[in-house]
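Here the structure is laid out as structure tokens; the discussion comes afterwards.
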Amino acid sequence: MQISPSILSADFANLQRELEAISTADWAHVDVMDNHFVPNLTLGLPVVESLLRVTPIPLDCHLMIDDPDRWAPPYAEAGAKSVTFHVEAAADPVRTARDIRAQGARASMAIKPGTDFAPYEELLREVDMVLVMTVEPGFGGQSFMADMMPKVTQVREAVRRHGGDIWIQVDGGVSASTIEQCAQAGADVFVAGSAVYNAEGAAENVARLRALAAAHRHV
């Protein structure tokens, strides 16, 4: 059970300090938005390259961008250890996943809440993780969509059929009150933003979320 805090909820004026605050997490989740695929603009490759020089844990880059076929592999080349692209935006997802893996990173496909997973099941042999969005991509702080849990279970069952060590990630509204149902549905990587970066302390929140997920692991 892995925790991947989203730095979208961190203090952008002190990102090195904010990364160090989550050094006990498994990943640092970096949301890249281009104001085209989603109606928001965050950061891009130059900032990620700077983060890679100071991060104590591997970066998990979630690319909410147009044309990931062109732009996703450079994130892996820069040193991100996991690179996620949206299947809705990819013209050639097989090639994109292979290009990411060729740079030594884990390749992941993301699906928005309104996207059916079934047409993309054949991509499982090309990826290391499937991200099931539990909010509409584009903004942090949205309400968790519990009706995405059947999709998480659907992906988990497909992974069982296909075999291989493929992780299932959930992103959006994940907190102490929602992580249990995500784990029960079959997720094993949990992105949390405001649930980690709050007044209680990031390290304590990471430990609490990990314990809750482990206690409700899907079997």
*Please give the calculated 222 nm ellipticity per residue for the chain, where each DSSP H segment of at least 4 residues contributes -39500 (n - 2.57) and the sum is spread over every residue; nearest 500 deg cm²/dmol?*
-9500 deg cm²/dmol
_Once you order the gyration tensor axes a ≥ b ≥ c over the Cα atoms, which shape class does the stretch 93-168 get: rounded for a/c under 1.5, otherwise prolate or oblate by comparing a/b with b/c?_
oblate
*asked:* Multiplying the sequence separation of residue 198 and residue 13 by 0.36 nm and subtracting their Cα-Cα distance, what value in nm do you get?
replied: 65.0 nm
*So how compact is the chain: Cα radius of gyration and Dmax in angstrom?*
15.7, 45
*Determine the relative contact order of the stretch 2-215: mean sequence separation of Cα pairs under 8 Å and six or more apart, normalised by residue count, in whole percent.*
19 percent
_Give the residue list of trypsin sites (Lys or Arg not before Pro) in the stretch 1-72 that are DSSP loop and have at most 16 other beta-carbon atoms within 10 angstrom._
53
*Please state, rounded to one decimal and in Å, the Kirkwood hydrodynamic radius that the stretch 8-70 gives when every pair of distinct Cα atoms enters the mean of 1/r.*
12.3 Å
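Bear in mind these aren't lab numbers, they're just calculated from the coordinates by the rules spelled out. Values in this document were obtained by computation on a predicted structure and should not be read as measured data. When we count neighbours, we look across all protein chains shown, and the Cβ atoms used for this are built from the backbone with ideal geometry, even at glycine.
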